[in-house]
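Accompanying notes for the structure given below.
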Amino acid sequence: MCREAGGRDNVSPAQTGYENQNVKGMSQYQLQKLCRAVNSDPAARERFQTEQDAFVGEFDLTAAERKALADMDIDALYDLGVHPLLLRPFTIIAGVSQEDYLAALNPGG
Amino acid sequence: MPVVFAAGVSHAPGSTAWTELAPSDQKDAIYDGYARVADDLAASGAESVVIFSSEHWTNFFFDHMPAFCVGRADHYDGPVEPWLRVERTRVPGDAALAAELLSALYAEGVDPSYSDEMELDHGTMVPIHFLLGGRMKPVVPIIFNTLSEPMPSPDSCFRFGEAVGAALAKSARKVALIATGGLSHAPGERRHGVIDGDFDAEFLDNLANRRHDALRALTHERMTQAGGGTHECRAWIALAGAVPDWSGETVVYEAVVPWATGFGLMEFRPAA
């Protein structure tokens, strides 16, 4: 029996976000380091909210990663390899409900 | 002294942060269960509480990811999450017990990391809130990597738990043991919200019947299939190793869809 709140259960385990860490590049490390700082460090959280460009500029990110952050593009951040247990708290802090989070991750689904 | 109390419990952040979303019958069952288990813990005479829990990127990151880390501080602050609706507080730590435990483990060739400064997140603060709230005891948090591959196998966790149980038995301290995490859930994944009731029922049944071989043989792939958060069940497997002669009794199991978690609460007692 599987119960769900709108999530989809037909995703292969290889796409859960736990595995892609094994092959990450340095910028993926930096992107996750930024998310982790915002999640757990009040000073970093305030800087991300009040001077986002300067704060993000301190991390060695690709243009795609910077754009995904600027747009708060949850689907893109997921595909860029932000671990699900970093991404969900990161979006909770940004005020994203569970419903909106799932909708963002499953466009059209 | 052998462990005097043992329980396993989920630490679903929804149980404090999104209480209003859950059906009232499920909430009543869960909060009543917590109250009964908290009373049992208080009545056990435990002086300190060892908590097996899971890392959530609070103390560790890809710069350093220990398989097991024993907290050796005399206090811990938490929770780190401003949205958890648990008041940030200072939890006393039992640094002496942690040091004693570490010495005993290293003497046996079991070598976890240790830390004199850790913060607590929902993984420890939710069970502390419900099981120790108002009756606080000093804690020793032991944090497992259940986030990032590779992570310790269920068999490795069982053996680690065996070593912790043996080490605690040598201490003069009366210790309560809490394992926390799981059950099936997929937090933050595209599958967020999926609950694998079949996995949860079989897992609890194996704990109830001390089927340790089945617990040790659980595969990483099966846990991943039940949701990435299901890896946290490793803490419960370690608890089974720490009290191998005790059987689990399910106090409550509820698949709480708004909390996106198969919520389990199980108390362990010496097998009759």
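Derived scalar couplings between HN and Hα for the range A:91-99 equal 7, 4, 5, 7, x, 8, 6, 4, 4 Hz in order, rounded to whole Hz, by the Karplus curve 6.51 cos²θ - 1.76 cosθ + 1.60 (θ = phi - 60°), x for Gly and Pro. Taking only alpha carbon atoms, the range B:170-272 gives an Rg to Rh ratio of 0.99, where Rh is the Kirkwood radius. Over chain B, the reciprocal of the mean inverse Cα-Cα separation, the Kirkwood hydrodynamic radius, stands at 18.1 Å.
With a simple spin-label model that places each label point 7 Å from the Cα along the Cα-to-Cβ direction, the separation between B:Thr219 and A:Ala63 comes to 4.4 nm. Between amide H atoms placed 1.01 Å from N, distances below 5 Å from B:Ala6 occur with B:Leu177, B:Phe268, all of them 5 or more places distant or on a separate chain.
The fraction of all Cα pairs in the range B:112-192 landing in successive 5 Å bins from 0 to the largest distance is 3, 9, 18, 22, 23, 15, 6, 2, 1, 0, given as whole percents. Remark on B:Gly181: its backbone amide H falls under 5 Å from those of B:Val9, B:Ser10, B:His11, a criterion applied only to residues 5 or more positions apart or on other chains, H modelled at 1.01 Å from N.
By the Cα gyration tensor, the protein assembly as shown has an equivalent ellipsoid whose semi-axes, rounded to whole angstrom, run 32, 23, 20 from largest to smallest. Neighbours of B:Arg222, meaning other residues whose beta-carbon lies under 11 angstrom from its beta-carbon, give a summed charge of -4 when Lys and Arg score +1 and Asp and Glu score -1. For B:Trp246, the residues whose amide H sits under 5 Å from its own are B:Ala271, ignoring neighbours fewer than 5 places away on the same chain, with H placed 1.01 Å from N. For B:Phe52, neighbours were defined as the other residues whose beta-carbon sits under 14 Å from its Cβ, and their charges (Lys and Arg +1, Asp and Glu -1) total -1.
Rg and Dmax over the alpha-carbon atoms of the range B:172-224 stand at 14.0, 48 Å. Residues B:Trp259, B:Trp83, B:Trp57, B:Trp18 in ascending order of nearby Cβ atoms (within 10 Å, fewest first): B:Trp83, B:Trp18, B:Trp57, B:Trp259.
Taking the inverse of the mean reciprocal distance over all distinct Cα pairs, the Kirkwood hydrodynamic radius of the range A:49-109 comes to 12.2 Å. Going from the residue with the fewest nearby Cβ atoms within 10 Å to the one with the most, B:Ile143, A:Ile92, A:Ile74 rank A:Ile92, A:Ile74, B:Ile143. Assuming R0 = 25 Å, what is the FRET efficiency of B:Asp63 and A:Asp53, from their Cβ-Cβ distance, to the nearest 0.05? So, using R0 = 25 Å, E works out to roughly 0.50.
Listed by chain and number, the lysines placed with their C-alpha closer than 28 angstrom to that of B:Lys137 are B:Lys27, B:Lys170, B:Lys174; residues fewer than eight positions away on the same chain are left out. Each other residue within a Cβ distance under 11 Å of B:Ser156 adds +1 if Lys or Arg and -1 if Asp or Glu, for a net charge of +1.
Converting phi to 3J(HN,Hα) with the Karplus coefficients 6.51, -1.76 and 1.60 and the offset θ = phi - 60°, the range B:60-66 yields 10, 8, 5, 6, 6, 10, x Hz in sequence order, with x at every glycine or proline.
Put in order of Cβ neighbour count within 10 Å, fewest first, the listed residues B:Glu55, A:Glu99 become A:Glu99, B:Glu55. Phi angles of the range B:210-219 translate, via the Karplus equation with coefficients 6.51, -1.76, 1.60 and θ = phi - 60°, into HN-Hα couplings of 6, 7, 5, 4, 5, 5, 5, 8, 3, 8 Hz per residue; Gly and Pro are given as x.
None of the figures in this text is laboratory data; all of them are computed from the coordinates on show. Since this is a predicted model, take the numbers as computed values, not measurements. For neighbour counting, all protein chains shown are included, and Cβ atoms are generated from backbone atoms with ideal geometry for every residue, glycine included.
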